[in-house]
Amino acid sequence: MKRATIILLSLVMLLSVVTACTGNATTSTTGQSGSTTTVDRSKITINYLANANVQSFKDGEDENNNEFINWLKEKSGYNLVYQILPSEGAEQKRALIMASPDLPDLMALGRGTYLDYVSKNYLTDLTEAIEKTPELKATKCFDEEVYNMSLVDGKPFAICTPSNGSPAPDALCVDYEVAEELGIDVKKPDMSLESIMDMFARAKAAFPDLITYTGAGKGTSYYKLADFRWLYAAYDVDTTWRVKADGTLEYCATTQDMYDCLAFIREMFDKGYLDPGYATVDNPILQERMANRSAAFLGASWYDWPGDSAVTNVDPNTAIFPILGQAVGKDGMTGQDLESTVLNYIVVPRGSDVVEHCMNYLVTLTSDEAYEFLFYGEEGKQFEFDAQGKRIPLDDPENTRKKIGLQYYVYYYIYEDMAQRTERLGFMSIGDQVRIDRHQIYGLDMKTKLNPAYNMPSIDIVNEGMPDINACCAEWFLKIATGAAGLDEGWNGFLAEFKSLGGEDIVKAVSDWYVGQ
Amino acid sequence: MVSRKSAVRGVRGDRIKTGHFDKILLAVNTVAITLIALICLYPYLNIVAKSFSSSFSVIAGKVNGIWPVEYTAESYQIIFRGSRFFRSTWNTVFVTVIGTLLNLMFTLFVAYAVTRPVMPGKKLIMILYIITMVFGGGLIPTYLTVINAGMRNSLWALIIPSLVSPFNVILMRNFLNGIPYEITESATIDGTDHFRMLAHIIFPLSLPSIATISIFLAVGYWNSFFDAMIYIDARTKQTLQLYLRDIMTNVMQAELSGFLDELAGSLADDSIRGAAIFCSTLPIICVYPFLQKYFVKGVTLGAVKG
């Protein structure tokens, strides 16, 4: 009986394994390859796996039924089927879709996932497809340097879309009553380092019950104390990497300038200007401080502002926390780096048999006409032009769905258009700020306009080592800022740990890559 | 469970004296459990209070108690905006009701079958069930199986793959084993077939077990998020949990422009989160009191009996 049971059990399990291993062969229902000019495009289905975004669709509409996707279907001629990933668990769902037979024909990836998928041979080599679609390289979004970011072993596995980073610079802000009491001209403040320290001192004396300066110390940005971004450019450490006179790169965090910057922050702590709970302040707590007006000064990014109109107003005439701007260093250095990067890597998974049709669709998507329509909408419906030729959105609730086009379908952002959106929110665009950096002072320019911090080459030592390096920086800088370690003690400890983590080898690897560009 | 009354009176109704120590212990227990209950309840009530408070008071950290500050129902306007909320609620109700009923039905069938003395291979069947409890197929094989069965973008993908839970089968089986065999034997002698046996004898006797399992199932189906996330793409088929999660994530990232989103963008994250939590838990809170007595009895189901 026992033997019979075991034999029966084994048979059942074997059958299950055999059943699992057979199954539908990968089928594609998406049409034909071959000449794309003679094929009836309406019979070709292109499945696009899009990323989640914030704008919700109108009632009765969805990602495959709205004025924008209908316009794209009409212009391209293809049968487009968009599938939007969930906002949470997107990576998991994408991994499941990639493991299933129902692969999309197009999808947008971040750099890390892109390199991962290339290494796993999930993606189609687009060399031939791009050669057959020369119109792609003729669009205004095509940029040689951005295109080169897609190359892995000399082959493009993606079409890259360019982007600029933050559309508005981070800034030092002041409570309007504090500004009035101290006589600070919020429209043209003196933002030299000495003046800033003097403002802190006077604020502490005049308003002892207020926290002199606060910021989201808990929300570090890749490696530095994020809320002090208004300060870094004054010390020429705004970027992660900077070019030296000999043309190599150096890591800003390990430079004397960074030490000097930390000394400024440490001085703020020693004199009692820094929020005592700085290390625990995250975005919600920062917003709470803003709402309660419990701080005299604060360092904030434009996206730190709470979603409440009583607090969010950034008009210098009426704002509760008017924006003062960025600090100015001893050489006049100021402003915030644009952080040019690649927005998305548009890829075609291996197994798609409509690769060339996908390229044709991208030609439509990158056309001027498509950009205008998707980004702005229709004149008279979603926007109108003012006397200066700038687009002003029309506040008609039924027609402000332009953001759907912007968020789900638009292929790339032109900086000037992003800047206009930022200005409509009341923030100064990053392009309008005064930016004086190494270019003006030392005549040094980066060879690539793409920030290596966001477009790190695929080098093993860099991929493996940078997270630990970033964590090391964040930890030590926070210790120095909050008094947990002395300035020199903390700095030396940081440098020692940086070396022990192989930081010098990483810097050399990145620098060698840069020099080889 | 023995009630306090019967403890005082004893099993046979004799009055039993309770000493001072017993009374003190009872009082201390009552106070302690009440405090623990309030501690557990407070965060929930605080979240609900935030959902009914103005965004400014939430951002400023003024909503610390269980009462709203500057009452407003704007968060609920976002949740109930359009027909998506009602459609997703309907989807969730469908999955919960149908899933619970089907699951109960199949669980009862299996448990009944394996408790019949003459059922051949019942040990093997139980072994196979237990194997699936211990060894899972993994996420990707499960996903592929469901997709290949044509259940992608279908609400049935949330019901059929988990139609029979081995744990529930074991629970039910143990309960059914406690029903005296003589009852079913005499029914068989009287000419009852298995379906009538199930309907008229087994089912009424199994109500405590069924109620317990059904509440576990209902809560599980109601809260199901992950399965819905991976199998459901179409917005029209989203469940309530997916919809609410979408709302919370979108509001947290919302820009401060656009008339239709001005409302969403002006609300604090905690307000929306509170409204979402309240909406998703309210139905279960409404149903639970009616099933509580069965739940209390049922938690000891399947325990070793003397």
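When both the range A:72-132 and the range B:116-175 are represented by their alpha-carbon centers, they are found 33 Å apart.
With a threshold of 20 Å on the Cα-Cα distance, the over-threshold entries among A:330/A:447; A:43/A:73; A:224/A:447 are A:330/A:447; A:224/A:447. Ignoring aspartates and glutamates fewer than eight residues from residue B:122 along the same chain, the ones with Cα atoms less than 20 angstrom from its Cα are B:185, B:193.
The 3J(HN,Hα) values that the Karplus relation (6.51, -1.76, 1.60; θ = phi - 60°) gives for the range B:64-73 are, in residue order, 10, x, 9, 10, x, 10, 6, 3, 7, 10 Hz. Gly and Pro appear as x. Residue by residue along A:87-95, Cβ atoms of other protein chains within 10 Å of the local Cβ number 4 on average. One quarter of the surface of the convex hull around the alpha-carbon atoms of the range B:57-168 equals 12.2 nm², the direction-averaged projected area. By the Kirkwood approach, averaging reciprocal distances over each pair of separate Cα atoms, the range B:191-248 gets a hydrodynamic radius of 14.2 Å.
Annotation: amide H of residue A:344 within the under-5 Å range of A:161, sequence separation 5 or more or interchain, hydrogens built in the peptide plane. Applying a DSSP loop filter and a limit of 15 other Cβ atoms within 10 Å to the GluC sites (Glu not before Pro) in the range A:55-87 leaves nothing.
Annotation: amide H of residue A:152 within the under-5 Å range of A:157, sequence separation 5 or more or interchain, hydrogens built in the peptide plane.
Of the trypsin sites (Lys or Arg not before Pro) found in the range A:106-197, those that fall in a DSSP loop while having at most 12 other beta-carbon atoms within 10 Å are A:120, A:140, A:187. Please work out the Cα center distance from the range B:43-100 to the range A:222-267, rounded to the nearest Å. Taking the Cα centre of each part, the range B:43-100 and the range A:222-267 sit 44 Å apart.
Computed from the coordinates by the stated procedures, all read-outs in this text should not be read as laboratory data. If you're wondering where the values come from, they're calculated on a predicted model, not measured in any experiment. Neighbour counts are summed over all protein chains in view; Cβ atoms, including those assigned to glycine, are modelled from backbone coordinates with ideal geometry.
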